[in-house]
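Each remark here refers to the structure printed beneath this line.
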Amino acid sequence: MIKLPSFNISFRQLIFASFALHIVLLAYGHWQDTHLVVKYTDIDYVVFTDASRYLTQGLSPYKRATYRYTPLLAHMLTPNIYFNESFGKWIFTSADLLIGVLIQKILRLRGMSESRAVKFNAIWLLNPMVANISTRGNAESVIGAMVLGSFYLIMKKRIGWGAFLYGLSVHFKTYPIIYSVALLVMMDNGYGEAGGVTVIQDEKTHQGSGSSRSSSVAGGIKRPESNIVVKAVRNLIDFITWRRVKFGLMSGGWFFLITGLMYYVYGYEFLFETYLYHVTRKDHRHNFSFWFYNIYLTFTSPTGTLVGVLTFVPQLALVLAIGFCFGKDIFFCAFLQTFAFVAWNKVCTAQYFMWYIVFLPLLIPCLAANPHMSFKSHGRNMLIAWAGCQGLWLSQAYNLEFLGLNTFWNLFIASALMYASNVWILIELITGASYEPIFNNRGAIRRVWSSVRD
């Protein structure tokens with residue numbers, strides 16, 4: 001079992017503590033920005049603010065070089081110009097707190113006691129890395145709130161609002177599209193059976209058990225299949241249900257509507273800077289990715305662009321496979337998908353870790369049933385490997401960036417070790433965690449953690 005800290009605080013106290021942590025970091029950041037040469041505020045926040053300034057002057061936000069985000073973000077941060085330059089950091093802080101509220105609601109819906117949910121939630125709300133990234137002015141928490149909010153709404157069977165928020169999140173940043181397959185898998189025949197969101201207690205279903213997979217059973221009797229092609233076609237036809245089509249049309253419709261409006265106003269420049277640029281992006285600095293050294297060596301070569309595009313193939317295949325296999329437990333699946341997506345991505349910076357850390361408080365309960373995954377065993381080893389490889393990489397990056405030493409080969413070795421550790425962690429999580437579908441076959445939320453004591 002995973003042993004949690006023995007502190008006892010309420011969720012309100014946890015929120016207040018998280019808010020206080022952000023306040024302290026915001027105050028310190030302001031002091032560092034005004035007194036030290038090295039600034040606390042992320043360069044991305046300066047780019048956001050400059051883009052917002054162009055908007056207030058009636059110009060395109062893309063007048064600001066390296067602004068490669070939706071114009072909606074620049075519009076959202078125009079109070080930086082009109083009121084106070086730190087306004088956006090308060091938005092990102094609020095998004096951190098909103099994510100904490102959503103995590104608490106999701107854990108409670110799945111049967112966890114209030115006090116135990118607070119302890120898991122502290123992994124997010126009191127996480128210094130999360131607070132640091134947001135208070136430095138990075139917008140990843142806004143995307144995380146949209147994604148988690150859409151999952152929560154879909155879990156509550158409010159598909160219309162869930163589809164809107166999901167489509168909006170994909171417009172803001174394309175990576176949430178990787179969850180589309182998992183969401184569709186979750187919306188199986190049992191998803192809509194219950195009239196409402198009645199929560200009932202159900203027996204646990206662990207990975208590999210018969211009820212944790214979608215079945216091709218009709219009327220309780222399996223149809224014999226002699227032709228694998230016929231079976232595949234039949235399964236595909238069974239997969240295409242009105243509920244799934246409806247969600248796809250609604251979420252896709254919102255995405256294309258918002259994106260179309262931005263294209264109408266800002267033209268091809270918006271399309272390229274926000275989406276197309278990232279397909280052929282080359283980034284050989286500040287990049288944890290295993291592919292960074294190849295990008296560095298082929299930076300001016302046409303083959304570098306081709307390799308960059310080809311790296312999407314194994315990444316996409318892995319993400320799709322995970323989505324189909326584990327989609328019924330959307331939170332467990334989303335963590336695995338995001339972790340794999342970031343590990344295989346050709347560009348990886350520290351803020352990308354926020355993409356999967358947001359699911360961490362919802363993943364760790366899945367490890368609790370396996371002593372092998374406890375913090376005294378593989379859980380501790382995985383954390384050491386994850387953090388240790390980053391520390392090794394950062395030490396070599398410091399020698400390169402600040403001391404001017406040629407450590408590119410050392411950085412490549414560190415990136416390779418980090419990639420290998422991520423592969424190992426992913427395998428351990430898939431084989432060691434409990435796979436717990438969100439809904440039972442009557443469409444009610446399974447209270448899988450209701451029997452666990454504090």
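Listed values, structure above:
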quantity: Spatial extent of the chain: Rg and Dmax, with the Cα atoms as the point set, Å; calculated: 22.7, 74
quantity: Descending Cα extents along the principal axes, segment 400-454, whole Å; calculated: 61, 23, 20
quantity: Listed peptides 287-295, 397-405, 55-63 by packing density, highest first (mean Cβ within 10 Å); calculated: 287-295, 55-63, 397-405
quantity: Paramagnetic reach from Y28 (point 7 Å along Cα→Cβ, amide N under 17 Å) across segment 85-118; calculated: 93
quantity: Heavy atoms of I425: accessible area, 1.4 Å probe, square angstrom to 10; calculated: 10
quantity: Inter-label distance, nm, simple model (7 Å from Cα along the C-beta direction), L249/L297; calculated: 5.1
quantity: Inter-site label distance for F256 and A17 at 7 Å from Cα along Cβ, in nm; calculated: 4.8
quantity: 27 Å Cα-Cα threshold exceeded, pairs from K173/K246; K105/K328; K89/K328; K119/K346; K89/K156; calculated: K89/K328; K119/K346; K89/K156
quantity: Viscosity 0.890 mPa s, 25 °C: Kirkwood-radius Stokes-Einstein D of segment 30-101 over Cα pairs, µm²/s; calculated: 189
quantity: Sites A350 and I9, calculated FRET efficiency, Cβ-Cβ separation with R0 25 Å, nearest 0.05; calculated: 0.30
quantity: Per-residue SASA entry for I106, accessible area with 1.4 Å probe, Å² rounded to 10; calculated: 0
quantity: Mean Cβ neighbour count within 10 Å, used as a protection proxy, ranking 20-31, 70-81 highest first; calculated: 70-81, 20-31
quantity: Accessible area of K328 in the full protein assembly, 1.4 Å probe (Å², nearest 10); calculated: 30
quantity: Extension gain (nm, one decimal) between V38 and I413, 0.36 nm per residue minus Cα-Cα; calculated: 132.2 nm
quantity: Taking all pairs of distinct alpha-carbon atoms in segment 1-127, Kirkwood radius in angstrom; calculated: 16.8
quantity: Binned Cα-Cα distance frequencies in segment 308-418 - 5 Å width, integer %; calculated: 2, 11, 15, 20, 20, 16, 9, 5, 2, 1
quantity: Segment 37-100, relative contact order [Cα under 8 Å, separation at least 6], %; calculated: 27
quantity: Relative contact order of segment 24-139, defined on C-alpha pairs under 8 angstrom at six or more residues apart (%); calculated: 29
quantity: Computed [θ] at 222 nm, deg cm²/dmol, the chain (DSSP H ≥ 4; -39,500 (n - 2.57); rounded to nearest 500); calculated: -19500 deg cm²/dmol
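The values are calculated or read from the model by the stated rules, or taken from the named source; none is laboratory data. Being a predicted model, the structure only gives us computed values, none of them experimental. Don't worry about glycine lacking a Cβ; one is built from the backbone with ideal geometry, like all the others, and counts go over all protein chains shown. The protein model used for the area step is the full one, side chains on, heavy atoms only, and it has no ligands, DNA or RNA in it. Shrake-Rupley method; radii C 1.70, N 1.55, O 1.52, S 1.80 Å.
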